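I have placed the structure first, in the form of structure tokens, so that the comments after it can refer back to it.
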Amino acid sequence: MEEEIRRLAEAARASSESGKIDESIISYQKITKLRPEDAESWLTLGELQAQAGSVEDGIESIRESIRLDPGNSYAWLILGYLHHASGNLDEAKRSGLHAVEIEFENADAWLFLSGVAGQLGEIEQAENCAWRAVSLDQNNPNSHTNHGHALLNLGNPGEAETAYWKALELAPTMPEPRLGLISILINTTRLDELSSHIRQLLNADLNSAEILSEIGERALERGNSSGAIALFSNLIASYPEYENGHIWLNKAYLAADSSTEARHS
């Protein structure tokens, strides 16, 4: 039997390396039937199933792995990722908490928990988890970015800006911290810095235009027409084909005109 398991594992590895994930899954399904008590094989099977898009099957396989080896922090974290992918944030959080209970210094698990807490609206917990992730791994730009998001949501833009800059120092082309900085700068008079970040962001990835537009729209909703005008003007300058930018720039100018009329009436 051991020889058959070794042959199947080698076949699965070769299939995975050549992109044939379905064949790898079949091999590991056979392995788990031959050796159902092997937690590592169930974990690998679950990861492969998730990679193939079968998230629910992946969850069941990893649950079996955890039943056999409940002290595997990594398995709990992967289960959390899959619950998150299926939209079950409460179970995702529970799995992440199990991961850090087993291995408190698991920086990836604290980073994961910070994101889930943010999505659940638990902002203080998101900040605490992101801070722990940063303290355990200073070189992960995602941890600094999540910390920045949480600090910004807590109403602390100064410290949030510091966190975003740390992320950019580690990953200069990463869009998320730059978007965070833009969210801060649009509410200031530092419009030259705002313009610079918008240009750098769009030069790296034009797909960021949609998120930029959302930031501008929110600024306009809060009555910040000057910030919205600055954002949409720079967006159009870098990406003139983006039609929504022109539409929202016109709305921002109309809002500014209305505000001026209201002040003079």
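The values are calculated or read from the model by the stated rules, or taken from the named source; none is laboratory data. Not measured: the values here are computed from a predicted model. When we count neighbours, we look across all protein chains shown, and the Cβ atoms used for this are built from the backbone with ideal geometry, even at glycine.
Let's see how each residue does on (1) over 24 Å from the mean Cα position of the chain (by Cα); (2) more than 26 Å from GLU161 (Cβ to Cβ); (3) modelled with pLDDT under 95; (4) buried (at least 19 other Cβ atoms within 10 Å of the Cβ):
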site: LEU191; (1), (2), (3), (4): yes, no, yes, no
site: LEU201; (1), (2), (3), (4): no, no, yes, yes
site: SER208; (1), (2), (3), (4): no, no, yes, yes
site: ARG218; (1), (2), (3), (4): no, no, yes, no
site: SER226; (1), (2), (3), (4): yes, no, yes, no
site: TYR253; (1), (2), (3), (4): yes, yes, yes, no
site: SER259; (1), (2), (3), (4): yes, yes, yes, no
site: ALA262; (1), (2), (3), (4): yes, yes, yes, no
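Give the residue that is surrounded by the fewest Cβ atoms within 10 Å (Cβ to Cβ), with candidates limited to residues of the stretch 18-49 that are among the hydroxyl-bearing types (Ser, Thr, Tyr) and under 25 Å from GLY71 (Cα atoms).
Among residues in the stretch 18-49 that are among the hydroxyl-bearing types (Ser, Thr, Tyr) and under 25 Å from GLY71 (Cα atoms), the one surrounded by the fewest Cβ atoms within 10 Å (Cβ to Cβ) is THR32.
What's the number of the only condition in (1) farther than 22 Å from ALA256 by Cα; (2) touching a residue at least 12 places away in the same chain (Cβ under 8 Å) that ASN207 fails to meet?
(2)
Scan the stretch 91-106 residue by residue and report those that are out of contact with any Ser or Thr (no Cβ under 9 Å at 6 or more places or on another chain), under 13 Å from LEU79 (Cβ atoms) and not aliphatic (A, V, I, L, M).
GLU91, LYS93, ARG94, SER95, GLY96
Which condition breaks for SER73 when tested against (1) over 25 Å from ASN142 (Cα atoms); (2) at pLDDT 90 or above?
For SER73, the failing item is (1).
Suppose we filter SER95, SER15, SER65, SER61 for residues that are crowded, with 17+ Cβ neighbours inside 10 Å and at pLDDT below 95; which single one remains?
SER15
Condition test on GLY71, is it out of contact with any helix residue (DSSP H, G or I) (no Cβ under 9 Å at 6 or more places or on another chain) and surrounded by fewer than 16 Cβ atoms within 10 Å (Cβ to Cβ)?
Taking the combined requirement at face value, the residue does not satisfy it.
Out of all the residues in the stretch 157-187, which are in a loop (DSSP other than H, G, I, E, B), over 22 Å from ILE123 (Cβ atoms) and not hydrophobic (A, V, I, L, M, F, W, C)?
Scanning the stretch 157-187 gives PRO172, THR173.
Does ASN128 satisfy being surrounded by fewer than 24 Cβ atoms within 10 Å (Cβ to Cβ), in a loop (DSSP other than H, G, I, E, B) and outside the structural domain of ASP38 (by TED's automatic domain parsing)?
no
Among the helices (runs of 4 or more DSSP H) lying completely within the stretch 19-68, list those that include at least 2 residues that are closer than 13 Å to ILE5 by Cα, out of contact with any strand residue (DSSP E or B) (no Cβ under 9 Å at 6 or more places or on another chain) and outside the structural domain of GLU4 (by TED's automatic domain parsing).
Because the criterion is at least 2 residues that are closer than 13 Å to ILE5 by Cα, out of contact with any strand residue (DSSP E or B) (no Cβ under 9 Å at 6 or more places or on another chain) and outside the structural domain of GLU4 (by TED's automatic domain parsing), no helices (runs of 4 or more DSSP H) in the stretch 19-68 meet it.
Within the stretch 154-173, does at least one residue satisfy the condition of being among the acidic types (Asp, Glu), at pLDDT 95 or above and within 26 Å of GLY223 (Cβ to Cβ)?
yes
For THR162, are the conditions met, namely being out of contact with any Leu (no Cβ under 9 Å at 6 or more places or on another chain), more than 30 Å from SER54 (Cβ to Cβ) and free of Cβ contacts under 8 Å to residues at least 60 places away in the same chain?
The answer is no for THR162.
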